[in-house]
Amino acid sequence: MRRASVRAAAAIALAGAAVFAHAQALRGTGDLGIVVERAAGRVQVVDTTARASLATIDGLGDLSHASAVFSRDGRYAYVFGRDGGLTKVDLLAQRIERRVIQAGNSIGGAISQDGRVVAAQNYVPGGVKLFDAATLELLSDLRAPAGPDGKPSKVVGLADAPGGRFVAALFDANALWLIDAADPRAPRTTAFADAGRQPYDGLVTPDGRWYVAGLFGEDGVALLDLWHPERGVRRILDRYGRGDEKLPVYKMPHLRGWAVAAGYAYLPAVGRHEVLVVDTRDWREAARVPVAGQPVFVIARPDARQVWVNFAFPDSGKVQVIDTETRTVVRTLEPGRAVLHLEFTPRGEAVWISARDDHKVVVYDTATLAPVATLAADSPSGIFFTARAARMGF
Amino acid sequence: MRPVAALALAVLAAAAPAGAADGAPAPARAREILALLRQDCGACHGIRLTGGLGPALTPGALRAKPSEGLVATIVSGRAGTPMPPWRDFLSESEARWLVARLLAGDADAPR
């Protein structure tokens, strides 16, 4: 009798990852993540060790351009939807813990250094809202400085910074915005005007010192030293296009999830088939890598030996791998149609790539550059792993 | 299943307002254009066309705007803004058909 029940328990334990991940069984969250199914308003909870989907969670609203941040215990994903929904997903219980509609039109968010505050960046109305990470209670509502049309600017590139701060870029106001949220009910903001025309996204370097905002309206990049914000915004890579005619941009590049590899930053060139390589010691251009299309995501493998790049329409079926030692493309992959995102496992032995129009996620071994697994997903877009919980600027 | 969907689309296209009917693309091409609208235009205008970096493309948002101007915006883009020209991927008559569909609130992409 006893033996039988032990055996039954073992059978259940072996019955598959889906059972395993349930709240009843103890497990950590370090190898979990989510895959966004953008059209269906769902996320899959995935396991990067088993390379398997554990659960599908419904009811997250409009997830076009959705992104996610994680609680620092790696248990909860905060998913920001286009429709202004902010959904707290419990990866262990595999259900929605809480959900609020916090704006008319949103684009992403960040979580504070101490993990207590979730910040959402909004297009309509343009601004940032701060929420209690535990309860999603609204703590403060910040209107962005106005753009030329008098309306609050759209906010992009929101990232956390050391010292309980957040940094963002203001697309319509041509400005950067520093938010000191040490007291999240009474945050203090500083706007840096004339940062450059139409900043489209921004990132914080892995060491938390620099905020880098890409500019759409001119060739160049805006740089803010978070150790010395009083020194103001500096412009780098000025006129990197050297006045050449830009190609039409069918999709905005992203800087989040970006690449700093061995002291060099790899940045997408706007409207060009190039990745710019910048020396982070003096922020001068060090090289350019010609690539197969307009880069969207440019992401370093965690050990910094490779940088992986995907591309805007109409080259979105390709992914290229840059070797950071020679700064050349060493492989062109075709994971599927409409590659929207890629995410490395915490230490980078594998990378997960979403191919929206082929409804699949393909996992590549980053040493052999060969596909090792494929998961079905409905129009997958963003892939986010819990390792982000421990990284600044994610 | 496929032919039925195609037929339904053809019927919808035929029922679209005057102006849309002339130069209406063949059903397969119509499907492609509507998928482009949701996915690639959707990257900036939202998958539900309710706006993002670009403005909403819902009937309510577009109604007051002259449709020729909207067609020109799609074909040639708007300099100084992120709206790119789509002429390499959409002909002018396709853009006109698409604008009619947008104005009619009848631009659901088949999934």
remark   = Scanning region A:49-77 for residues that are hydroxyl-bearing (Ser, Thr, Tyr) and surrounded by fewer than 24 Cβ atoms within 10 Å (Cβ to Cβ), the one farthest from the other protein chains (Cβ to nearest Cβ) turns out to be A:49
request  = Report the residue count in region A:273-288 for those that are open to solvent by 10 Å² or more (accessible area, probe 1.4 Å) and closer than 13 Å to residue A:239 by Cα.
outcome  = 2
Verdict on residue B:7 being open to solvent by 30 Å² or more (accessible area, probe 1.4 Å) and either at pLDDT below 95 or under 30 Å from residue A:108 (Cβ atoms) (or both) = yes
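Under the condition of being at negative phi and open to solvent by less than 20 Å² (accessible area, probe 1.4 Å), which residue from region A:324-342 is farthest from the other protein chains (Cβ to nearest Cβ)? Spell out how you get there, then give the answer.
Filtering region A:324-342 down to residues at negative phi leaves A:324-326, A:328-335, A:337, A:339-342.
Narrowing further to those that are open to solvent by less than 20 Å² (accessible area, probe 1.4 Å): A:333, A:335, A:339, A:341-342.
Details: A:333: 21, A:335: 17, A:339: 12, A:341: 12, A:342: 17 Å.
Filtering region A:324-342 for residues that are at negative phi and open to solvent by less than 20 Å² (accessible area, probe 1.4 Å), the one farthest from the other protein chains (Cβ to nearest Cβ) comes out as A:333.
Condition first: in a strand (DSSP E or B), out of contact with any His (no Cβ under 9 Å at 6 or more places or on another chain) and within 14 Å of chain B (Cβ to nearest Cβ). Now tell me which residues in region A:107-125 satisfy that.
Pass one, region A:107-125, residues in a strand (DSSP E or B): A:107-111, A:117-124.
Restricting the remaining residues to those that are out of contact with any His (no Cβ under 9 Å at 6 or more places or on another chain) gives A:109-111, A:117-124.
The answer is A:121, A:122, A:123, A:124.
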query = Is it the case that residue A:346 is open to solvent by less than 30 Å² (accessible area, probe 1.4 Å), outside any strand (DSSP E or B), more than 14 Å from chain B (Cβ to nearest Cβ) and touching a residue at least 12 places away in the same chain (Cβ under 8 Å)?
reply = no
key: Subset tally (residues that are open to solvent by less than 60 Å² (accessible area, probe 1.4 Å), among the aliphatic types (A, V, I, L, M), out of contact with any Ser or Thr (no Cβ under 8 Å at 6 or more places or on another chain) and assigned to a loop (DSSP other than H, G, I, E, B)) for region B:51-91   = 3
request  = Go over the candidates A:270, A:298, A:249 one by one and state the one that is of a type in the set (A, V, I, L, M) and either open to solvent by 40 Å² or more (accessible area, probe 1.4 Å) or away from chain B (no Cβ under 14 Å) (or both).
outcome  = A:298
Residues of region B:92-108 that turn out to be buried (at least 17 other Cβ atoms within 10 Å of the Cβ) and either among the small types (Gly, Ala, Ser) or within 12 Å of another protein chain (Cβ to nearest Cβ) (or both), as a count = 3
request  = Can you tell me which residue within region A:371-394, out of those that are open to solvent by 40 Å² or more (accessible area, probe 1.4 Å) and hydrophobic (A, V, I, L, M, F, W, C), is nearest to residue B:34 (Cα to Cα)?
outcome  = A:376
message = Suppose the filter is out of contact with any Ser or Thr (no Cβ under 6 Å at 6 or more places or on another chain), touching a residue at least 24 places away in the same chain (Cβ under 8 Å) and not aromatic (Phe, Trp, Tyr); does residue A:302 pass it?
response = yes
remark   = Every listed condition ((1) surrounded by fewer than 21 Cβ atoms within 10 Å (Cβ to Cβ); (2) under 21 Å from residue A:112 (Cβ atoms)) holds for residue A:151 save (2)
ask   = If we keep just the residues of region A:136-148 that are without any contact (Cβ under 8 Å) to a residue 40 or more places away in the chain and away from every other protein chain (no Cβ under 14 Å), which is surrounded by the fewest Cβ atoms within 10 Å (Cβ to Cβ)?
value = A:137
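Of these, A:232, A:214, which one is in contact (Cβ under 8 Å) with a residue 12 or more places away in the chain and under 25 Å from residue A:107 (Cα atoms)? Please lay out each step first, then the result.
Details: A:232 fails: under 25 Å from residue A:107 (Cα atoms).
Being in contact (Cβ under 8 Å) with a residue 12 or more places away in the chain and under 25 Å from residue A:107 (Cα atoms) holds for just one of A:232, A:214, which is A:214.
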inquiry  = Just to be sure I understand, how many residues within region A:179-200 are assigned to a loop (DSSP other than H, G, I, E, B) and open to solvent by less than 70 Å² (accessible area, probe 1.4 Å)?
reply    = 7
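The values are calculated or read from the model by the stated rules, or taken from the named source; none is laboratory data. Computed from a predicted model, the values in this text were never measured in an experiment. Methodologically, a virtual Cβ is constructed for each residue, glycine included, from the backbone with ideal geometry; neighbour enumeration extends over all protein chains shown. Protein only, heavy atoms only, side chains kept; ligands, DNA and RNA dropped before computing areas. Shrake-Rupley method; radii C 1.70, N 1.55, O 1.52, S 1.80 Å.
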